[in-house]
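Visitor: Below you'll find the structure I mean.
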Amino acid sequence: MNDRDRELFEAELRKLAPARTPAELMERLAAPRQCRQATNPQVSTTDYQPGWWRLLRWLAPAATVAALVMMLLAWQLARPANRPHNDHLRFGAQPALKADAVEIDQRLVGSFDAVARLPDGQAIRLRCREWTDEVVLRDSVSGIVIERSTPHLEVVPVSFETY
């Protein structure tokens, strides 16, 4: 349907006269409304509860919490008192390892640049470096050597340089 057809259609609609409202409908609309009582009214159960029932609703969760606290206290008191504590072991015992030579090293494994797109479509340049951290502990008395190597990646955003 083009603009000319729409204009003709609207012109025809303007010529038409609206229908008269039925008298019966007008009478029903003008008549005062009467409220009817529901045959089975819905009553909230909280309105007719006795006072002790409302109190019980709050005391039940509080009693549960109190019972849990009492069980926790009873469990703490029931633990054996003669079991060894770690305090005297921590301060009185000799350490199993006495490291007399410690080496800490950080080595660059690789370096590269990358370009990524953010969710909004903007491009961002990233400088990436791969590192390896190494820790070596030596105990010359017992001949124990502990080596630990941990790789990690360092990513640094770098702005684009525009000329």
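Visitor: Being among the β-branched types (V, I, T) and at pLDDT below 85: is that true of T21 here? Lay out the reasoning, then the answer.
Guide: Working: among the β-branched types (V, I, T): yes; at pLDDT below 85: no.
No, not satisfied.
Visitor: While we're on this one: Quick one: count up the residues across segment 119-163 that are surrounded by 10 or more Cβ atoms within 10 Å (Cβ to Cβ), among the acidic types (D, E) and free of Cβ contacts under 8 Å to residues at least 40 places away in the same chain.
Guide: Qualifying residue count for the region: 5.
Visitor: Restricting attention to segment 24-58, which residues are modelled with pLDDT under 80, in a helix (DSSP H, G or I) and basic (K, R)?
Guide: Selection gives R54, R57.
The values are calculated or read from the model by the stated rules, or taken from the named source; none is laboratory data. Bear in mind that the values here come from a model prediction, so they are computed numbers and not experimental data. Glycine also receives a Cβ, built like all others from the backbone with ideal geometry; neighbour counts cover every protein chain displayed.
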